[in-house]
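Contents: one structure, followed by commentary.
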Amino acid sequence: AQKVTQAQTEISVVEKEDVTLDCVYETRDTTYYLFWYKQPPSGELVFLIRRNSFDEQNEISGRYSWNFQKSTSSFNFTITASQVVDSAVYFCALTNRKLIWGLGTSLAVNP
Amino acid sequence: DTGVSQNPRHKITKRGQNVTFRCDPISEHNRLYWYRQTLGQGPEFLTYFQNEAQLEKSRLLSDRFSAERPKGSFSTLEIQRTEQGDSAMYLCASSPSGGLADYNEQFFGPGTRLTVL
């Protein structure tokens, strides 16, 4: 069975703090992709990143970085120097045709 | 064409009524997905299409739910005899079918929020 676990339900930080959102997945597939999406208060899901199971290189995009570790089945997401606009629910997802989603982590960045 | 659009954005209906939602995907995308999201949960997969063919349906999709994509462009999701448990956000997404189609990123519309009274 495929499953995505985001153990952190809610996180609250003060602006400019770094924050890491955890994601642990389960799958028996050897080929799979992992995703992160952002859902701001407006409700529309915004694609952030896609990573395939054969590429364990970390990725950095501006203030965002992702750490993929196959050995621990984790795909964690770090926001550096958080801003109020980062406040949203963040979802990790796993795919083989359809997306299997975690329950999301609600991030509140306070001024 | 700037993204996936969904109509209506909000729908309030009485229990037992039928409702229909529409999704217009990004024009060059061949794959179209429907998900349902309730408060505090991640989206749950309902069904998906490759062009006009419905390739997979979730067990969540009871016989009261039906989805179509008649010409491989827009899609409709109909719920018959609505129940209060159907209240949720219904999300549509599309993705290109090129490359590894099963793994392409999906682009989401704003959703249709259904409230069943």
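Computed quantities for the displayed model
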| item | result |
| --- | --- |
| Rounded to 5, the percent of DSSP beta bridges in the protein assembly as shown classed as antiparallel | 90 |
| Sequence-distant lysines (8 or more away, or on other chains) whose Cα lies within less than 24 Å of residue B:57 | A:3, A:98, B:11, B:71 |
| Ordering of A:102-110, B:50-58, B:71-79 by packing [mean C-beta count within 10 Å, highest first] | A:102-110, B:71-79, B:50-58 |
| Average partner coverage of B:106-117, which counts Cβ from other chains inside 10 Å | 3 |
| Amide H contacts of residue B:87 (H built 1.01 Å from N, under 5 Å, at least 5 apart or other chain) | B:116 |
| Burial ordering of A:25, A:64, A:90, fewest other beta-carbon atoms within 10 Å first | A:64, A:25, A:90 |
| Dipole-positive endmost among A:72, A:99, B:34 within the protein assembly as shown (Cβ charges, Cα centre) | B:34 |
| Ranked list, fewest to most other Cβ atoms within 10 Å of each Cβ, for B:21, A:91 | B:21, A:91 |
| Over chain A, relative contact order from alpha-carbon pairs under 8 Å, at least 6 apart, % | 38 |
| Average partner coverage of A:61-74, which counts Cβ from other chains inside 10 Å | 0 |
| Local electrostatic count at residue A:38 - Lys and Arg +1, Asp and Glu -1, tallied over other residues with Cβ under 15 Å | -1 |
| Environment charge of residue A:82, counting only residues whose C-beta is closer than 11 Å and scoring Lys/Arg +1, Asp/Glu -1 | -2 |
| Inter-part distance where region B:46-78 and region A:47-111 are each reduced to a Cα centre, Å | 29 |
| 10 Å Cβ neighbours from other chains, averaged over peptide B:32-41 | 2 |
| The protein assembly as shown, dipole about Cα centre (Lys/Arg Cβ +1, Asp/Glu Cβ -1), debye to the nearest 20 | 760 |
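A short reminder: the numbers here are calculations on the coordinates, not readings from a lab. Just so you know, these numbers come straight off a predicted model, no measurement behind them. Virtual Cβ from ideal backbone geometry, glycine too; neighbours counted across all protein chains shown.
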